[in-house]
Amino acid sequence: MNNSPISKISLEGRDFYVKRDDLIDPFLAGNKYRKLYTLLKTPSNKLHKIISYGGTQSNAMLAIAAMCKSKGWEFDYYTKPLSQTQKSFSHGNYFHSINLGMNHIEIAEVLYKDFIASISITVDATTFIIDQGGAVEEAKKGLEVLAQEIREANLEIKSLATPSGTGTTALFLALSLPEFKVYTTPCVGNTEYLREQMQALHELPDNLVILEPLKKHHFAKPYPEFLDIYKKLLEAGVEFDLLYAPGMWEALLNQTNEEILYIHSGGVSGNESMLKRYEQKGFY
Ligand SMILES: *Cc1c(COP(=O)(O)O)cnc(C)c1O
């Protein structure tokens, strides 16, 4: 794999650079590609199965499904029960993952928590479990590779940005690039929660800057202002995801003024489903 390219875009009168990790692959792209890097480099015959669990719209799920397909590994994915309507969709991350060969296993709501906790007890040596969101120490290597690519680009830029769910990406990026400032913002919970998640992995370095969202947003809920930023970015020449990127761009536009290299975190494959929800709400 060659280094992902860097694009320059103009947004609200400011220039930004974008590290195009979205272009790595249609399904296995963005930070999920970086986080799965160690597994991608694992010889196919060392494993036979990957197990993971979580939401049925997840970008991580789709990335793992694409990886397993290319590796010839089985992929068992556990979720809470899914509605027939969602199962019948012929778009979105779930649809694509099933097409890539994912075994979807539904666990009753009341049993779910205990079941997930028990998975690791029964697995053999050639089965690997990826925890929800892929917040694993293994992600470190893949983000060091990204850090190296950023250094090689030799841009006269001292600030990077990428949005956070678990914060794994932003944290390991900041640790790998101490000479850069790394901006992030919480897209799933609040700042407090993000800090806790990150601190469980590593002490927070000084060059990591968590921007506080001006307004509280619920994850994966449609907001007109998010659609607005999405459209502006699309006009500027790059499609971003609708769940994480809008919050990050909003924070950057309001709370920074220097030149920034934005690390595209992928997730564009989920937009089709999300745009349909915007339409249903009458926002589009
Ligand atoms: C998973 C994901 C994130 C969050 O990554 P973390 O490492 O969990 O912080 C951000 N953007 C997109 C598009 C994602 O799919």
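Summary of computed values
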{"quantity": "Check on Glu137, within 17 Å of the chain's Cα centre (by Cα) and loosely packed, with under 15 Cβ neighbours inside 10 Å", "calculated": "yes"}
{"quantity": "Check on Leu36, within 14 Å of the ligand (Cβ to nearest atom) and over 25 Å from Asp124 (Cα atoms)", "calculated": "no"}
{"quantity": "Residue in segment 240-252 that is in contact with an Asp or Glu (Cβ under 8 Å, 6 or more places away or on another chain), surrounded by 18 or more Cβ atoms within 10 Å (Cβ to Cβ) and of a type in the set (Asp, Glu) present", "calculated": "yes"}
{"quantity": "Pair list, Cβ under 7 Å, 6 or more apart: segment 199-214 residue touching a residue at least 60 places away in the same chain (Cβ under 8 Å), other residue buried (at least 17 other Cβ atoms within 10 Å of the Cβ) and outside any loop (DSSP other than H, G, I, E, B)", "calculated": "Leu201/Thr168; Leu201/Leu171"}
{"quantity": "Of all residues making up segment 262-273, the number that are at pLDDT 95 or above and buried (at least 21 other Cβ atoms within 10 Å of the Cβ)", "calculated": "6"}
{"quantity": "Filtered residues of segment 103-132 (kept if more than 14 Å from the ligand (Cβ to nearest atom), out of contact with any helix residue (DSSP H, G or I) (no Cβ under 8 Å at 6 or more places or on another chain) and not aliphatic (A, V, I, L, M))", "calculated": "Asn103, Glu106, Glu109, Tyr112, Lys113, Asp114, Phe115, Ser118, Ser120, Thr122, Asp124, Thr127"}
{"quantity": "Residue in segment 142-155 that is out of contact with any Leu (no Cβ under 8 Å at 6 or more places or on another chain), under 25 Å from Thr191 (Cα atoms) and surrounded by 16 or more Cβ atoms within 10 Å (Cβ to Cβ) present", "calculated": "yes"}
{"quantity": "Filter result (of a type outside the set (Asp, Glu), within 16 Å of the ligand (Cβ to nearest atom) and out of contact with any strand residue (DSSP E or B) (no Cβ under 6 Å at 6 or more places or on another chain)) within segment 133-160", "calculated": "Gly133, Gly134, Ala135, Val136, Ala139, Lys140, Lys141, Gly142, Leu143, Val145, Leu146, Ala147"}
{"quantity": "Matching strands (runs of 3 or more DSSP E) fully within segment 1-90 where at least 1 residues are over 16 Å from the mean Cα position of the chain (by Cα), free of Cβ contacts under 8 Å to residues at least 12 places away in the same chain and surrounded by fewer than 17 Cβ atoms within 10 Å (Cβ to Cβ)", "calculated": "6-11"}
{"quantity": "When residues of segment 149-163 are limited to those that are under 20 Å from the mean Cα position of the chain (by Cα) and among the aliphatic types (A, V, I, L, M), the one nearest to Ser265 (Cα to Cα)", "calculated": "Ala161"}
{"quantity": "Exclusive hit being within 18 Å of the chain's Cα centre (by Cα) and in the same structural domain as Leu177 (by TED's automatic domain parsing), set Ala245, Ala236", "calculated": "Ala245"}
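The values are calculated or read from the model by the stated rules, or taken from the named source; none is laboratory data. The shown structure was predicted, so the numbers you read here are calculated from the model rather than taken from an experiment. Glycine also receives a Cβ, built like all others from the backbone with ideal geometry; neighbour counts cover every protein chain displayed.
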